[in-house]
Amino acid sequence: MKKTLLALALVGTSFGAQANAPGGPGCGWGNMVFEGQAGMPVHIVATLVNGTSGNKTFGMTSGTNGCDTSGALAYHGKNMLAQQGIMEEVAQDMAVGDGEALTALSVSIGIAPEDRSRFKQTMHENFSSIFSEEDVTAEEVMSNIRSVMKSDEKLATYS
Amino acid sequence: MKGIFTLLALLVGWSAVAAQASDSGLAEHPRWKALLHINQGTTWRYQGRSYVDDPDFFLHENGATDAQAELEANIDQLRPPESDARCRFPARYRFLSEQLDWPDDGGLSHCEDYVEWRKAMPQARVALIFPASYLNSPSSMFGHTLLRIDRGNDEDGVWLSRAINFGATVGGEENSILYIYKGLVGGYPGYFNNVPYMNKIRDYAHLENRDMWEYQLNLNESEREWLVAHLWELQDIRFDYLFLDENCSFRLLELIALTRPESGLMDSFRIAEIPVNTVRALDESGFIESSVYRPSKAKELDALIQRLTEVEKDLALGLSQEERVSETDAFQVLAPKRRHLVARTAYAHLRLNNREGERKQEVAARSLALLRVVNKTPAVKEIEPERPVSPKKGHGTKMIAATGGTLGETGFGEFQARLSYHDWLDAPTGFLKGATIEAFNLRVRKAESDDLALERLDVVNIRSLAPRNKFRKPASWFVNFGLDRRFIGNKRHLTRQVQGGGGLSWSLGPVMPYGYAMARAENNSAHDPFVSTAAGAKTGILWYAGPFQAGLDAEGLYYQNDDVSFTTSATLNLPLGPDHAVRASIEREGGRERVETEFSLSWRYYFD
């Protein structure tokens with residue numbers, strides 16, 4: 001019991017850093033796939049009060065500048081991929097050929113419902129070239145997706 | 001001259017409108033009260049006035065306490081065309097213009113920021129989201145709730161929805177003891193946040209391994225309009241955040257009540273707003289249309305593991321540590337679909353273990369290699385975890401019980417009352433198996449020859465069994481503090497105690513064995529030192545048999561001053577419908593000088 005309390009208190013004292021850094025280190029969509037979710041102790045403290053740390057976010061339309069996408073209300077493919085931890089969900093869905101993250105990506109790119117299964121299939125078939133290496137960044141992934149779409153007769157109309 | 005006339009006419013018109021407003025009792029209108037967040041007797045604090053202290057939320061200096069004055073100030077300031085106040089309070093403007101029949105004079109079209117925000121803000125559907133219990137965080141122990149607002153009418157693109165969350169905003173370098181204290185007495189600023197829903201999926205389902213329940217609400221377009229317009233009014237408005245009643249769930253309940261003030265959602269007094277009760281209140285008031293279950297990453301891994309043979313499990317484990325296992329004969333002889341399952345399991349396992357902490361190059365490389373194996377093998381459908389029973393169908397969160405029994409030669413009667421919430425032998429439907437979360441659990445006992453006496457009070461009692469398997473090695477733990485009774489010498493003494501421990505548990509079909517190492521500190525009237533400390537162990541088995549739950553346990557504690565205490569017990573809990581249960585128990589307890597056997601039979605009634 002004492003230990004638990006002590007651990008709780010210690011967790012508390014490490015608070016102060018920023019909990020979420022969408023866009024990852026270096027900003028400019030430089031976040032890489034399979035990034036770790038750093039700053040977990042901070043995160044635990046924030047959940048103590050179901051809250052957020054530091055800044056208030058209300059989702060303003062002007063929040064779409066370089067590093068921080070947490071405030072952006074509308075999505076396009078790239079700022080979705082820049083959300084921390086989302087790119088690996090997209091990678092998993094692409095590898096399998098289906099999934100909610102991949103569906104959401106297709107919606108955010110603007111693919112019409114009738115073309116979504118084609119989009120998913122095409123992404124699935126080109127998985128190795130889209131996620132070409134483990135250090136691929138959100139920006140590179142997005143540009144790889146675009147070039148795969150361009151070489152598909154139907155999907156080319158979206159780019 | 002004509003100008004003055006018009007002005008006069010306007011003035012007369014305005015005062016007429018103002019008079020009409022006060023006469024018609026508009027300040028008492030349920031929606032007006034909802035817009036101002038007036039406490040209509042739902043919680044202890046601030047009854048009859050607004051929950052909000054923030055002056056930015058009011059147009060009159062006494063607006064927080066005087067709904068009539070606030071109404072008149074709003075009529076004054078929202079009535080003129082193109083007024084700035086309209087852009088701050090679009091929902092109030094809608095309310096007044098509808099109630100007072102204001103002419104169409106451009107409405108909110110001059111509010112550029114608001115119009116732009118509304119264009120980008122989704123409002124096709126609204127869902128209440130319930131991430132289940134998170135035992136490692138005191139305020140999330142009972143679960144959490146938030147709202148999700150969708151762009152479209154289908155499940156596609158739910159990841160692109162917005163999440164509306166009410167929580168305390170913590171900014172300084174403070175420790176968590178202070179958090180809890182301030183959370184209880186007030187002093188934390190609470191704000192509404194509007195963040196991407198996918199970030200919430202990541203936080204709860206992916207990082208904290210909490211299952212999420214998504215309850216679709218049947219709000220119509222006009223009702224959703226109230227909600228979204230009012231959210232704009234709440235931007236940067238400071239509330240107080242209190243753990244027990246004025247918490248995340250309560251504020252959402254208020255928001256939903258605004259959309260349908262006649263629903264009676266806020267009519268009954270709410271002592272402590274437990275998130276699952278918010279879900280139930282909405283269900284009872286007819287708001288919930290359907291529900292979707294979103295399993296956590298851990299549940300997804302468990303579902304994958306269940307589909308594998310023992311040989312395949314070992315292969316998956318090996319593959320998650322070394323991708324070259326995919327080139328071995330043992331892996332290659334598997335059918336393509338089996339290879340897919342093994343690779344997915346290996347990948348899920350690897351990612352689950354590496355979601356936290358810094359990015360590791362070697363792990364990233366292996367993750368991608370495993371996904372390539374997944375990619376090259378045919379996908380297997382329907383590997384989602386089975387959907388459990390919705391938490392809203394679980395037993396009531398409050399409980400009273402009547403017990404009769406004997407301790408040694410003496411008969412006794414006992415009354416029990418528990419404020420919340422669940423112990424691991426209560427019916428597990430809708431709750432976490434192997435978890436106990438109890439707060440303010442009181443037992444008073446009348447023995448044949450004695451006066452009525454306190455038998456036990458658990459202020460907090462949390463036990464968490466996290467089963468271990470080949471893939472996952474979590475620790476189990478428990479924490480308990482309050483008052484209890486035990487034999488010291490020849491007599492049972494009341495002790496003020498705190499105890500806790502760490503241990504291991506497993507899941508073998510319906511049976512969960514466990515073991516804990518434990519420590520205890522207590523204060524009693526029999527020992528000389530103010531605080532006696534003890535160390536010991538506790539072990540047991542839970543059996544979730546379907547129609548009933550049973551538990552066996554044994555505990556031994558050795559005190560620093562050479563005292564000892566032993567307890568062994570067998571308990572059977574038989575639910576009779578969702579609201580009742582019968583519980584029978586045999587317990588052997590004692591110390592160095594005396595050991596007695598207790599038999600008891602209880603009737604338990606769950607409510608609220």
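All of the numbers you see were taken from the coordinates with simple rules; none came from a lab. This is a predicted model, so every value here is computed, not measured. Positions of Cβ are backbone-derived with ideal geometry, glycine not excepted, and every protein chain shown enters the neighbour counts.
Would you order B:347, B:606 from fewest to most other beta-carbon atoms within 10 Å of each residue's own beta-carbon? Let's see the in-between values first.
Details: B:347 28, B:606 22.
Arranged by neighbour count, lowest to highest, B:347, B:606 become B:606, B:347.
Amide H to amide H distances under 5 Å link residue B:360 with A:36, where only residues 5 or more positions off or on other chains count and H is placed in the peptide plane. Principal-axis analysis of the Cα atoms of chain B puts helix B:176-185 at an angle of about 50° to the longest axis. What share of all Cα pairs of the stretch B:45-88, in percent, falls into each consecutive 10 Å distance bin? Once binned at 10 Å, the Cα pair distances of the stretch B:45-88 give 30, 49, 18, 2. Close amide H pairs (under 5 Å, H built 1.01 Å from N) link residue A:98 with no residue at least 5 positions away or on another chain. The angle between the Cα long axis of helix B:221-234 and the main principal axis of chain B comes to about 90°, on a 0 to 90 degree scale. The distance linking the stretch B:345-420 with the stretch B:434-474 is 20 Å (Cα centroid to Cα centroid, whole angstrom).
Report, in whole Å, the centroid distance computed from the Cα atoms of the stretch A:104-130 and the stretch B:98-126. Here the two parts' Cα centres lie 35 Å apart.
For the stretch B:54-157, the spread of Cα positions along the three principal axes, ordered from largest to smallest, is 51, 36, 23 Å.
Rank the residues A:148, B:380 as a footprinting-exposure proxy: fewest other Cβ atoms within 10 Å of their Cβ go first. Write down the numbers at each step before the final one.
Working: A:148 20, B:380 15.
By the 10 Å Cβ count, ascending, the order reads B:380, A:148.
Put simply, the Cα atoms of the stretch B:241-347 extend 68, 29, 20 Å along their principal axes, the longest span coming first. Checked against a 24 Å cut-off, the cross-linked pairs B:393/B:446; A:78/A:154; B:433/B:473 give Cα-Cα distances beyond that limit for B:393/B:446. Inter-chain neighbour count for B:157-164: the average number of beta-carbon atoms from partner chains within 10 Å of each residue's beta-carbon is 5.
With 41 Å as the cut-off, how large is the P(r) tail for the protein assembly as shown, expressed as percent of Cα-Cα pairs? Working shown, then result.
On the way: 119139 of 293761 pairs.
Result: 41 percent of Cα pairs exceed 41 Å.
About the Cα centre, and with charges only on the beta carbon of Lys, Arg (+1) and Asp, Glu (-1), how big is the dipole of the stretch B:528-608? Nearest 20 debye, please.
Working: 6 positive and 12 negative charges, 61 e Å.
It works out to roughly 300 debye.
Which pairs in the list B:398/B:538; B:119/B:299; B:297/B:376 are over 31 Å apart, alpha-carbon to alpha-carbon?
Details: B:398/B:538 27 Å; B:119/B:299 37 Å; B:297/B:376 23 Å.
With Cα atoms farther than 31 Å apart: B:119/B:299.
Kindly identify the stretch B:194-295 as rounded, prolate or oblate by the Cα gyration tensor criterion: order the square roots of the eigenvalues as a ≥ b ≥ c, call it rounded if a/c is under 1.5, otherwise compare a/b with b/c, prolate if a/b is larger, else oblate. Taking the square roots of the gyration eigenvalues as a ≥ b ≥ c, the stretch B:194-295 is rounded. The calculated FRET efficiency for residue B:537 paired with residue A:135, based on their beta-carbon distance and R0 = 45 Å, is about 0.40.
Averaged across A:95-104, how many Cβ atoms of other chains sit within 10 Å of each residue's Cβ atom? Intermediate values should be presented prior to the final figure.
On the way: counts 13, 10, 4, 2, 1, 8, 3, 1, 7, 8.
Partner Cβ neighbours, averaged per residue: 6.
Footprinting exposure proxy ranking of B:102, B:32, fewest other C-beta atoms within 10 angstrom first, gives B:102, B:32. One Cα centroid belongs to the stretch B:186-219, the other to the stretch B:255-275; the line between them spans 20 Å. If you take the beta carbon distance between residue B:45 and residue B:309 as r and set R0 to 45 Å, what does 1/(1 + (r/R0)^6) give as a FRET efficiency, to the nearest 0.05? Calculated transfer efficiency: 0.15. Note on residue A:158 and residue B:293: with the Förster distance fixed at 35 Å, the Cβ-Cβ geometry gives a FRET efficiency of about 0.60.
Qualifying trypsin sites (Lys or Arg not before Pro) in the stretch B:256-345, where qualification requires a DSSP coil assignment and no more than 16 other C-beta atoms within 10 Å, comprise B:307.
Over every pair of different alpha-carbon atoms in the stretch B:401-482, take the mean of 1/r and invert it; report that Kirkwood radius in Å. Mind dumping the intermediate values first?
Numbers: mean 1/r = 0.0681 Å⁻¹.
It works out to 14.7 Å.
Here is the P(r) of the stretch B:477-608: all C-alpha pair distances, binned every 10 Å from 0, give 12, 35, 35, 16, 3 in whole percents.
For chain B, the square roots of the Cα gyration tensor eigenvalues, ordered a ≥ b ≥ c, give a/c of at least 1.5 with a/b no greater than b/c, which places it in the oblate category. Ellipticity at 222 nm from helices only: DSSP H runs of n ≥ 4 in chain B, each -39500 (n - 2.57), divided by the residue count, give -8500 deg cm²/dmol.
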